[in-house]
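Each remark here refers to the structure printed beneath this line.
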Amino acid sequence: MGQKLVTNMQRHLNETFSTSLCFLLSPVPKLFFSKIQPIQEDSHICTSGLPAPERLQELMAMPSIAPEQQAEHGWNPKDASPSIVVSQSHLTFSRRPTPRTTDGIRSKMGYSSGIHIWEITWPATKRGTHAVVGVATKNMPLQAEGYQALLGSDQHSWGLDLDRGLLYHNTSNICSLASRRYPTDEMPGSQEASLVPFPDCFLMVLDFHAGTLGYALENGRYLGVAFQGLKGMTLYPSVSAVWGDCEVTLRYRNGLQPQPSSLQQLCRLSVRSALGPSRLDGVSTLPLPLAMKKYVLYQ
């Protein structure tokens, strides 16, 4: 009786081993692979060389809005982390040296149409490890424990880490691409890309016609589209920071609504383009009527 039981157990083990071995050596069924979804790049992070906004040149040529209007587009002290203090002008905020927290802030005004440019000043010596600049909806949290890239950590925010040169959107979702280098220039004769360092002062460009967000240098050089797919939302310029006593200034340069440019404006752009940036200062010395000089110089 005992010998028969042992024999049956051995037969059962042999059959189980053979079945398992055949399964391991046989091709894996296609159905198994169909259930595994590959990690997809986040569709909001731009991975292709999209062109600069169509009206960027026109907007860059326009003068900044009057200083008394700047506050309307500045930082919102009522929409900020408790660790953030906004200046009386509402153009600059500072972060109290609060340990083990990341703190954020949004602007007063939200934008949902047109094209807009902001000038952002954030000294490189006061950025720390997670200095992130971008846009967010009203749903992004404004404080988090620990030091992290808060702006860009969820589906409601898009941010550029100035220290690392990385783009962030929905990074808490492990099924999306966490980041991408920005901006990059191809090195001559090399396949590698070099990171363009961000200066203390730079520009942010939000274009709702194309649904894109990008950044530019003060000299007007556009660094490329960083994020796409931003149409149909109301977005606020935003920052998240970890450095104690850091100061960040936000100045709204100007904006254009979706309607086409006037013929007068197009003519002015053509004249300014023909003159070139280096000769615009000499317009006041030309033998032209005063009204035309002021027209060319946006005065």
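Label reach from Leu50 (point 7 Å along Cα→C-beta): in the range 232-256, amide nitrogens under 13 Å belong to 232-233. Were the residues from Thr125 through Thr234 laid out at 0.36 nm apart, the gain over their Cα-Cα distance would be 36.0 nm. Peptides 129-141, 148-160 ordered by packing proxy, namely the average of other Cβ atoms within 10 Å per residue, highest first: 148-160, 129-141.
How far, in nm, would the chain grow between Leu266 and Met60 when pulled straight, counting 0.36 nm per residue and subtracting the alpha carbon separation?
72.8 nm
Of the peptides 100-113, 240-253, 57-70, 78-91, the order by per-residue mean of other Cβ atoms within 10 Å, starting with the highest, comes out as 240-253, 100-113, 78-91, 57-70.
Around Pro237, under 10 Å between beta carbons, what's the net of Lys plus Arg minus Asp minus Glu among the other residues?
+2
The calculated FRET efficiency for Tyr298 paired with Arg221, based on their beta-carbon distance and R0 = 25 Å, is about 0.75.
A short reminder: the numbers here are calculations on the coordinates, not readings from a lab. Worth saying up front: this structure is predicted, and the values here are computed from it rather than measured. Don't worry about glycine lacking a Cβ; one is built from the backbone with ideal geometry, like all the others, and counts go over all protein chains shown.
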